[in-house]
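No lab work stands behind these numbers, since they all come straight from the coordinates. None of these values were measured; they are calculated from a predicted model. We place every Cβ from the backbone using ideal geometry, glycine too, and count neighbours over all the protein chains shown.
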Amino acid sequence: MTTSIIEAAKSGRSKCGGCKKKIEKGALRFGEYNDRYESYRWYHLVCGAAIDARDFVEATEEFEGDVGDVDAILEEAKNIGKGTKTPRVEPASSARSSCVVCSEKIKPKGVLRGVLYYEVDVDNWRKGNTHVGCMAEVSDLGRDDLIDQVLENSLLDDEQREEVIAQI
Ligand SMILES: [Zn+2]
Ligand SMILES: [Zn+2]
């Protein structure tokens, strides 16, 4: 059961729960109902669709007015959160991180590195960096699923995508 809604913002004071920016007065916003606080958490439509696509679509069906192109909003939402989810690859921000698989340094700065959760101990997962080629060693996903997820979660150009597919 959903109680999430879409409505025009009644004031310009609400802040988006996704991107943290203000939601303009009158702009359509997506409200995710929080049972515990008995209140809505507001999002820009795209940010809301990124948080919970299914709830968002249900809310658009309930909404009496014109939401616009829902498919286009969902498509745009896919790009939100890219570069923050795991597993992903990203350019190393320094040459100081070490690979949690082989313990070698990940260098030079700017080289693609993996970011993922790995099991340090039984049921104890920690986020760490790996060489792209070492990711599959510690991922709980099979190689194909790992590649799929990494490509979905990472901001990459075509050349980098090829590199990732070749190396994982
Ligand atoms: Zn937002
Ligand atoms: Zn490694």
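Under 20 Å between alpha carbons, and skipping anything fewer than 8 positions from residue 105 in its own chain: which lysines qualify? Excluding near neighbours in sequence, the set is 127. Dividing the helix sum by the residues of the chain, where each DSSP H run of 4 or more adds -39500 (n - 2.57), gives a mean residue ellipticity at 222 nm of -8500 deg cm²/dmol. Each Lys or Arg adds one and each Asp or Glu subtracts one; over the other residues with Cβ under 15 Å from the Cβ of residue 144, this totals -2.
Pairs 25/85; 85/107; 78/107: which are spaced more than 27 Å apart, C-alpha to C-alpha? Write out the running numbers ahead of the final one.
On the way: 25/85 30 Å; 85/107 22 Å; 78/107 30 Å.
Violating the 27 Å limit, Cα to Cα: 25/85; 78/107.
Ordered by the count of other Cβ atoms within 10 Å of each Cβ, fewest first, 156, 116, 151 give 151, 156, 116.
Assuming 0.36 nm per residue, please report the length gained on full extension of the stretch residue 163 to residue 125 beyond their Cα-Cα distance.
Answer, rounded to one decimal: 11.0 nm.
Taking 0.36 nm per residue of sequence separation and subtracting the Cα-Cα distance, how much length would be gained by fully extending the chain between residue 70 and residue 141, in nm to one decimal? Don't skip to the end; give the middle numbers.
Details: separation 71, 0.36 × 71 = 25.56 nm, distance 3.13 nm.
That works out to 22.4 nm of additional length.
Each of 5, 106 has some number of other Cβ atoms within 10 Å of its Cβ, and from fewest to most they run 5, 106. For the stretch 34-88, what does the alpha-carbon gyration tensor say about shape, rounded, prolate or oblate, given a ≥ b ≥ c as the root eigenvalues, a/c under 1.5 as rounded, and a/b over b/c as prolate? Oblate shape, in that a/c is at least 1.5 and b/c is the bigger or equal ratio. Placing pseudo-labels 7 Å out from each Cα toward the beta carbon at residue 38 and residue 79 gives an inter-label distance of 4.1 nm. Straight-distance candidates among the aspartates and glutamates for linking to residue 109, with alpha-carbon spacing under 16 Å and chain neighbours fewer than 8 residues away dropped: 90. Amide hydrogen proximity for residue 19: with H placed 1.01 Å from N in the peptide plane, the residues at 5 or more positions away or on another chain lying under 5 Å are 44.
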